[in-house]
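Asker: Got a structure for you, questions after.
The values are calculated or read from the model by the stated rules, or taken from the named source; none is laboratory data. Just so it is clear, the model here is predicted, and its values are computed rather than measured. Here the Cβ positions follow ideal geometry from the backbone for every residue, glycine too, while neighbour counts run over all protein chains shown. These area figures cover heavy atoms from the full protein model, side chains too; ligands, DNA and RNA do not enter into them. Shrake-Rupley method; radii C 1.70, N 1.55, O 1.52, S 1.80 Å.
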Amino acid sequence: MRAKTKASNSQPTLVVDGEVVRQIRQHARSSSKTEVCGVLIGQDRDHRIEVAACIEGQNAKEAGAHVTFTQDTWEHIYAIKDQKYPDERIVGWYHSHPGFGVFLSDHDTFIHKNFFSSPGQVAWVFDPHSDEEGCFGWVGGRIERLAQIGVVDGRGGEEAGEGGTPEPGAADGADSPVVDVQREKRKISPMRIRRTDADELKESSDSSLERLVFRVFFYLLVLALGFALSWYFFPRVVVMPVLVDPRTGQLIDPQTGQVVADPQDPNGADTGRASPTKPDLNNSGQPPSSNQNGKKGNDAKPK
């Protein structure tokens with residue numbers, strides 16, 4: 001009993017097919033000065049109201065500020081319901097407020113209490129001038145405006161131009177209400193809202209941070225690999241200081257300061273580089289003799 005009392009004191013869950021919303025708007029815009037009405041067809045299960053179709057209230061007593069279901073109206077409604085929706089039930093009604101806003105007047109409240117008194121029946125109100133709409137339902141024996149309305153589109157997957165209906169034209173160049181209704185109908189598109197809780201937002205931010213860190217490390221790894229490949233496969237120029245004797249042009253070892261000896265051929269022969277003439281220790285300070293035969297004295301003089 002407590003669970004049932006708690007459920008009756010909470011607002012019911014209302015789910016309306018998008019095509020029903022479009023038909024209500026179209027019917028309301030067909031009469032911009034007087035109110036129109038109709039009923040909602042669907043199911044009511046476990047405090048959940050599902051609206052799948054609607055039936056226009058033909059032959060209703062329409063006026064500028066109120067509308068009344070007549071006997072002819074109810075006969076028409078039940079005839080259509082038995083023919084098209086035999087397994088469905090009436091889950092509420094709708095009417096328009098041209099220029100008045102969304103609310104239930106005293107007359108509207110009287111209709112809802114006397115003809116739609118079931119807890120699973122709602123009242124849909126649409127203002128064709130401001131395009132404002134809302135729905136009212138039973139909450140704990142009171143009529144309250146529902147805070148949440150779910151609109152679904154059961155015709156998903158339809159291609160553009162599938163209907164093949166041409167754009168209607170206005171007669172005599174005047175703007176026809178039917179033309180405006182058809183244009184507005186094409187502008188209406190289903191809107192699906194997905195709720196995201198804090199956990200999903202946290203997971204999304206964590207995954208974004210992980211992707212960023214992975215990219216940074218990946219780029220650093222590619223950069224290091226590029227430097228390593230260039231170090232091993234590309235030639236490198238090494239600059240080393242070399243000391244040269246300015247008088248002889250021979251290389252000097254920078255560590256010992258001595259002249260580097262000419263390299264020898266593996267067979268013991270000289271490489272052919274000219275070596276400086278070593279001075280004679282016995283004749284220090286004298287030029288070397290030009291006598292090639294090694295003769296001295298008078299034999300060394302020219303004849």
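Asker: Carbon and sulfur together cover what percent of the accessible area of segment 55-114 at a 1.4 Å probe radius?
Answerer: Details: 1470 of 3160 Å².
So the carbon and sulfur contribution to the accessible surface is 46 percent.
Asker: Still on this structure, I have one more. If amide H atoms are built 1.01 Å from N in the plane of the peptide, which residues on other chains or at least 5 residues away come under 5 Å of the amide H of residue 92?
Answerer: 40, 122
Asker: Same structure, new question: Could you sort 38-48, 142-152 so that the peptide with the highest average Cβ count within 10 Å comes first and the rest follow in order?
Answerer: Working: 38-48: 18.5, 142-152: 13.4.
Those peptides, ordered most packed to least, come out 38-48, 142-152.
Asker: Then there is this: Counting Lys +1, Arg +1, Asp -1, Glu -1, what net charge surrounds residue 137 among other residues with beta carbon under 11 Å of its beta carbon?
Answerer: Values: positive: 142, 145; negative: 44, 144.
My count for the surroundings of residue 137 gives 0.
Asker: Right, here's the next one. Fully extended, how many nm does the chain gain between residue 143 and residue 207 (0.36 nm per residue separation, minus their Cα-Cα distance)? Write down the numbers at each step before the final one.
Answerer: Working: separation 64, 0.36 × 64 = 23.04 nm, distance 4.61 nm.
My answer for the length gained is 18.4 nm.
Asker: Tell me the per residue accessible area of segment 28-163 using a 1.4 Å probe; a whole number in Å² is fine. Could the numbers behind the result be given before it?
Answerer: Values: 6960 Å² over 136 residues.
Roughly 51 Å² per residue, with all protein chains present.
Asker: Next up: Report, by chain and number, residues whose modeled amide H sits under 5 Å from the one on residue 146, excluding near sequence neighbours (fewer than 5 apart, same chain).
Answerer: It is 135, 136, 137, by chain and number.
Asker: Would you mind counting up the charge near residue 79? Only other residues with Cβ under 15 Å from its Cβ, with Lys and Arg at +1 and Asp and Glu at -1.
Answerer: Values: positive: 81, 84; negative: 56, 72, 75, 82, 88.
With Lys, Arg at +1 and Asp, Glu at -1, the neighbours total -3.
Asker: So what is the orientation-averaged projected area of segment 1-100, using the convex hull of its C-alpha atoms, in nm²?
Answerer: Working: hull surface 30.3 nm².
Projected over every direction and averaged, the Cα hull of segment 1-100 covers 7.6 nm².
Asker: Provide 62, 133 ordered by accessible surface of protein heavy atoms (probe 1.4 Å), highest first.
Answerer: Working: 62 80, 133 55 Å².
Reading off the accessible areas and sorting them downward yields 62, 133.
Asker: Ok, one more. Report the antiparallel proportion of the DSSP beta bridges in segment 75-153 as a percent, rounded to a multiple of 5. It would help to have the intermediate numbers written out before the result.
Answerer: Working: 10 of 15 bridges.
Antiparallel bridges make up about 65 percent of those DSSP assigns within segment 75-153.
Asker: Here's another thing I want to ask about it. Label points 7 Å out from Cα along the Cβ direction at residue 153 and residue 237: separation in nm?
Answerer: Going by the 7 Å Cα→Cβ label model, 6.8 nm.
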